[in-house]
1. Net charge near residue 149: determine it from the other residues with C-beta under 11 Å of the C-beta of residue 149, scoring Lys and Arg +1 and Asp and Glu -1.
2. Which of the trypsin sites (Lys or Arg not before Pro) found in the range 169-250 are loop residues per DSSP with 13 or fewer other Cβ atoms within 10 Å of their Cβ?
3. Under DSSP H, which helices of the chain have Cα atoms covering 15 Å or more of the helix axis and a Kyte-Doolittle average no less than 0.5?
4. Just list whichever of 29/277; 76/315; 151/191; 191/284; 116/151; 228/277 have alpha carbons separated by over 18 Å in the model shown.
5. Helix-only mean residue ellipticity at 222 nm, the chain, DSSP H runs n ≥ 4 weighted -39,500 (n - 2.57), per residue, nearest 500. What is it?
6. Can you give me the distance in nm between label points at residue 267 and residue 26, each placed 7 Å from the Cα along the Cα-to-Cβ direction?
7. I want the local charge near residue 44. Using Cβ-Cβ distances under 14 Å, sum +1 for each Lys or Arg and -1 for each Asp or Glu among the other residues.
8. Between the range 229-244 and the range 189-208, how many Å separate their Cα centres?
Amino acid sequence: MLRKYLIIIILNLLLLPHPGMAQTTSLFKIVPLGVKGGIDESNLSAYMIAPAGTNDYVCLDAGTLHYGIERAVANKVFNIPADKVLKKYIKAYFISHAHLDHVSGLIINSPDDSAKTIYGLASTLETIKSHYFTWASWANFTDEGDAPQLKKYHYRPLSPDSVTAVKNTAMSVTTYPLSHSNLSSSAFLLKNKDAYILYLGDVGPDEVEKSDKLHKLWTSVAPLIKSKKLKAIMIETSFRDEQPDKTLFGHLTPRWLMREMDDLAGLTGEPALKGFKLVITHVKPPESNIRALKLQLKSENKLGLNLIFPEQGRKITL
């Protein structure tokens with residue numbers, strides 16, 4: 001009997017983590033509410049992200065909300081009704097830019113939502129204030145703009161490259177401007193403890209956009225990749241490689257994405273990107289386009305990135 005107990009004790013000791021052992025504890029959870037761009041209004045860009053072990057989510061873009069939450073409830077990601085998830089779990093919205101496929105869920109669900117903050121670049125918030133939350137187009141659920149102001153939402157402009165604490169969560173955010181055709185989009189670098197996730201709104205390649213914004217972003221986050229603090233990059237790939245550059249309209253293809261990753265690899269070293277998680281967002285219908293771009297991404301992934309294709313309503317842990 002003594003020998004049996006000794007064996008159990010030894011096995012338990014062997015299973016305990018030791019100093020220097022790699023830890024696999026997740027620090028973020030992501031619930032995709034919408035993963036596409038384009039014409040599928042039931043599945044447009046929106047991602048709930050929270051520190052692991054909490055339900056203090058922010059929503060990165062808000063193209064689809066209610067239907068995406070219902071899919072997550074059906075998949076048992078949440079054990080409360082969809083309307084409660086909307087009101088209680090989503091603490092804030094981060095809007096990368098004000099195109100309708102990134103804000104329509106926010107506008108449509110506003111009558112049934114709870115009070116929270118809308119974060120974004122000043123130019124993005126100004127578009128929402130001037131064109132969407134007005135009494136001519138909907139109703140003004142915010143505390144600025146058209147009277148009467150219903151004061152459910154509060155606008156919080158973000159200054160590029162500055163760190164902002166996210167109200168009602170343990171996270172902070174740093175914002176970076178991006179080029180999206182004739183519009184300014186943005187990237188959000190979320191921090192929880194000593195870990196980060198980078199989310200990019202719609203963006204075109206630097207070479208096509210005649211810009212250096214992506215290169216500046218890669219320069220900023222390269223040290224976080226080298227130190228393994230950046231857990232994933234969430235970035236769009238809208239079209240397959242056959243799309244002409246002149247009709248990209250501020251979007252990426254598999255070829256252009258991988259050229260941007262080559263630029264990033266020049267800053268981090270290629271070994272740092274092997275196995276690094278790249279979450280592909282904003283894939284545009286039809287399904288034939290989505291199937292083709294996924295195949296092209298896999299074929300052109302010479303750096304050995306870990307490509308993740310999120311599914312609506314299915315949780316991802318990082």
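Read the figures in this text as sums done on the coordinates, not as results from a lab. Remember, predicted model here, so these are calculated numbers, not experimental data. Reconstructed Cβ throughout: ideal geometry from the backbone, glycine too, with neighbour counts over all protein chains shown.
1. 0
2. Details: sites: 191, 193, 210, 213, 216, 226, 228, 229, 231, 240, 246; in loops: 193, 210, 228, 229, 240.
Of the trypsin sites (Lys or Arg not before Pro), the ones in loops of the range 169-250 whose Cβ has at most 13 other Cβ atoms within 10 Å are 193, 210, 228.
3. Working: long enough: 2-15 (20 Å, 1.97); 213-226 (20 Å, 0.21); 254-268 (20 Å, -0.41); 287-299 (18 Å, -0.52).
Sorted by number, the helices that extend far enough and score high enough are 2-15.
4. Violating the 18 Å Cα-Cα cut-off are 151/191; 191/284.
5. Computed mean residue ellipticity for the chain: -8000 deg cm²/dmol.
6. 2.8
7. Charge balance near residue 44 sits at -3.
8. 11
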